Amino acid sequence: MKTITETLRPTIVSLAFFTVLFGGVYPLLCTSALQSLFHAQAEGSLITGKDGKTLGSELIGQNFSDPKYFWDRISATSPYPYNAANSGGSNFGSNNPALLDAVKGRVEALKAADPANTKPIPVDLVTASGSGLDPHISPAAAEYQLSRVAHVRNISEADMRKLVIKYTEDRQLGVLGEPTVNVLKLNLALDGKL
């Protein structure tokens, strides 16, 4: 008959072995591999300006509301917009009065910023993304805002369109998703920081 020590010894040794292996060695190997293979992504996909300063992450939107900038999608994070520590959508249903109020407010803000624009407003300019942090808009949303930003900045629409095209990202792997415009990069380029 085995003693309790003989019975527990293999269990304790296995626990210690797998704790060291999967709690220490494996995470260190994965972290080292990812840091060396995908350094920029592992560090947060940070955008660095001409002066070497970090200006933001290409994966997290920023709150642009001045008419001289292209505007991101609405952020549903709290207590302030684009709060990466509180990522998430509003989870409002399509008939929720709070969602309808947010959409109406954004439509009014877009019309107030550019009263002469009579084009239909793209849906991604008046709704939040699932994360509430999305820095991308559709090319249609950029086109909707193009004349306003060009007018305020005293740039021709043709030159502004070239800049929008430069910061338009194609579908992932050529087939996944839709083309998008990175608003943060576009606005930083407009300010001459990239």
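The values are calculated or read from the model by the stated rules, or taken from the named source; none is laboratory data. Keep in mind that this is a model prediction, so the values were computed, not measured. Ideal geometry is used to build each Cβ from the backbone, glycine not excepted, and the neighbour counts take in all protein chains shown. In case anyone asks, the SASA skips ligands and DNA or RNA and just uses the protein heavy atoms, side chains included. Shrake-Rupley method; radii C 1.70, N 1.55, O 1.52, S 1.80 Å.
Can you compute the label reach from residue 63? Point 7 Å from Cα along the Cβ direction, backbone N cut-off under 17 Å, restricted to the stretch 82-115. Backbone N within reach: 82-90, 102-103, 105-106, 109-110.
Relative to the present Cα-Cα distance, how much length would full extension add between residue 154 and residue 31 at 0.36 nm per residue of separation?
Length gained between residue 154 and residue 31: 39.6 nm.
Between the stretch 62-82 and the stretch 28-60, the C-alpha centres lie 23 angstrom from each other. When each of the peptides 128-136, 34-42 is scored by how many other beta carbons lie within 10 Å of its residues on average, the order from highest to lowest is 128-136, 34-42.
Using a Förster distance of 41 Å, how high is the FRET efficiency between residue 8 and residue 191, based on the Cβ-Cβ distance and rounded to 0.05? Let's see the in-between values first.
Details: r = 65 Å, r/R0 = 1.59.
Approximately 0.05, to the nearest 0.05.
Between residue 170 and residue 17, the simple spin-label model (points 7 angstrom out along Cα→Cβ) gives 5.0 nm.
Longer than 24 Å from Cα to Cα, which of 68/111; 50/111; 104/185; 166/193; 119/162 are they? Say none if no pair is. It would help to have the intermediate numbers written out before the result.
On the way: 68/111 14 Å; 50/111 34 Å; 104/185 27 Å; 166/193 15 Å; 119/162 20 Å.
With Cα atoms farther than 24 Å apart: 50/111; 104/185.
Placing unit charges on the Cβ atoms of the charged side chains and taking the dipole of the chain about its Cα centre, the candidate lying farthest along the positive direction among 154, 132, 23 is 23. For a test of the definition: using alpha carbon positions, the gyration tensor, and the 1.5 limit on a/c, classify the stretch 59-177 as rounded, prolate or oblate. It is oblate, given that a/c is not under 1.5 and a/b is not larger than b/c. Using θ = phi - 60° in the Karplus curve 6.51 cos²θ - 1.76 cosθ + 1.60, the 3J(HN,Hα) couplings for the stretch 9-16 round to 4, x, 5, 5, 5, 4, 4, 5 Hz; x is entered for Gly and Pro. In percent, rounded to a whole number, the relative contact order of the stretch 45-194 is 28, using alpha-carbon pairs under 8 Å and six or more apart. Annotation: residue 4 carries an accessible surface of approximately 130 Å², with a 1.4 Å probe and no ligand, DNA or RNA atoms counted.
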